[in-house]
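Enquirer: I have a structure here, written as structure tokens, and I will follow up with some questions on it.
The values are calculated or read from the model by the stated rules, or taken from the named source; none is laboratory data. Note that the coordinates shown come from a computational prediction; the quantities given were computed from them, not determined experimentally. When we count neighbours, we look across all protein chains shown, and the Cβ atoms used for this are built from the backbone with ideal geometry, even at glycine. Surface areas here come from the heavy atoms of the whole protein model, side chains and all, with no ligands, DNA or RNA. Shrake-Rupley method; radii C 1.70, N 1.55, O 1.52, S 1.80 Å.
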Amino acid sequence: HRLIRTLSVYQASGKKFSSFLYQEPKVRNFEPIFICLEMQRPFLYNRINKRVDKMMNKGLLMEAKELYEHRHLTPLQTVGYTELFDFFDGKHSLPEAIELIKRNSRRYAKRQMTWFRRMEKNTSKGNNYKFTQLFGYKGPN
């Protein structure tokens with residue numbers, strides 16, 4: 001999806017996707033609200049594992065094979081593709097690659113949670129809310 005998004009931005013604007021990443025932020029007349037969706041870590045990790053299995057069943061392996069010749073492109077150096085490219089290169093078996101995708105996806109999710117906690121501490125106005133604070137949702141039991 002990232003590659004398609006990058007190409008569509010380039011096609012629509014004629015500019016590299018990265019050119020939009022390093023612009024001075026616009027002054028806005030509002031303060032953003034960050035909402036963090038949380039769930040218990042074992043439940044989250046189980047969902048990630050199931051999602052990876054579903055992606056594999058829906059054709060991630062074939063998609064990676066079709067993109068293999070372009071593996072040097074930055075948008076393809078992401079969780080999922082990297083592990084499968086290594087499998088194609090003989091560095092891992094397919095089951096090992098799948099387990100690495102799951103592990104690296106869990107690590108990515110953990111980094112996202114860490115980022116949000118850091119944002120929560122560094123926001124002066126406290127405009128950060130947990131989903132449970134806004135809607136009273138306690139998550140699955």
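Enquirer: For segment 79-118, with all protein chains present and a 1.4 Å probe, just round the carbon and sulfur fraction of the accessible area to a whole percent.
Expert: Carbon and sulfur: 54 percent of the exposed surface of segment 79-118.
Enquirer: When the accessible area of segment 1-42 is computed with all protein chains present and a 1.4 Å probe, what percentage of it is carbon and sulfur?
Expert: Answer for segment 1-42: carbon and sulfur cover 58 percent of the accessible area.
Enquirer: Can you pull the one-decimal nm distance between simple spin-label points at ARG47 and ILE4, each 7 Å off the Cα toward Cβ?
Expert: Here the answer is 2.2 nm between the modelled labels.
Enquirer: Taking the Cβ-Cβ separation of LEU94 and PHE20 as r and a Förster radius of 41 Å, what is the calculated FRET efficiency to the nearest 0.05?
Expert: It comes to 0.65.
Enquirer: While we're on this one: Once the Cβ-Cβ distance between ARG117 and ALA12 is put in as r, and R0 is 30 Å, what FRET efficiency do you end up with, to the nearest 0.05?
Expert: 0.30
Enquirer: Need the full-extension length gain, ARG103 to MET62, defined as separation in residues times 0.36 nm minus the C-alpha distance. One decimal, nm.
Expert: That pair, ARG103 and MET62, stretches by 12.7 nm at full extension.
Enquirer: Mind sorting out which of (1) 51, 47, 22; (2) 57, 27, 25; (3) 54, 31, 31 is the real Cα extents along the principal axes in Å computed from the coordinates?
Expert: Checked against the structure: label (1).
Enquirer: Moving on to the next point. Would you calculate, for the chain, the mean residue ellipticity at 222 nm contributed by helices, counting each DSSP H stretch of 4 or more residues as -39,500 (n - 2.57) and dividing by all residues, to the nearest 500?
Expert: For the chain, the value works out to -18000 deg cm²/dmol.
Enquirer: I'd like to check one number: the per residue accessible area of segment 1-74, probe 1.4 Å, reported in Å² as a whole number.
Expert: For segment 1-74, the per-residue accessible area is 91 Å².
Enquirer: Under a crude label model (7 Å from the Cα following the beta-carbon direction), how far is GLU69 from PHE34 in nanometres?
Expert: For the pair GLU69/PHE34, the computed spacing is 4.2 nm.
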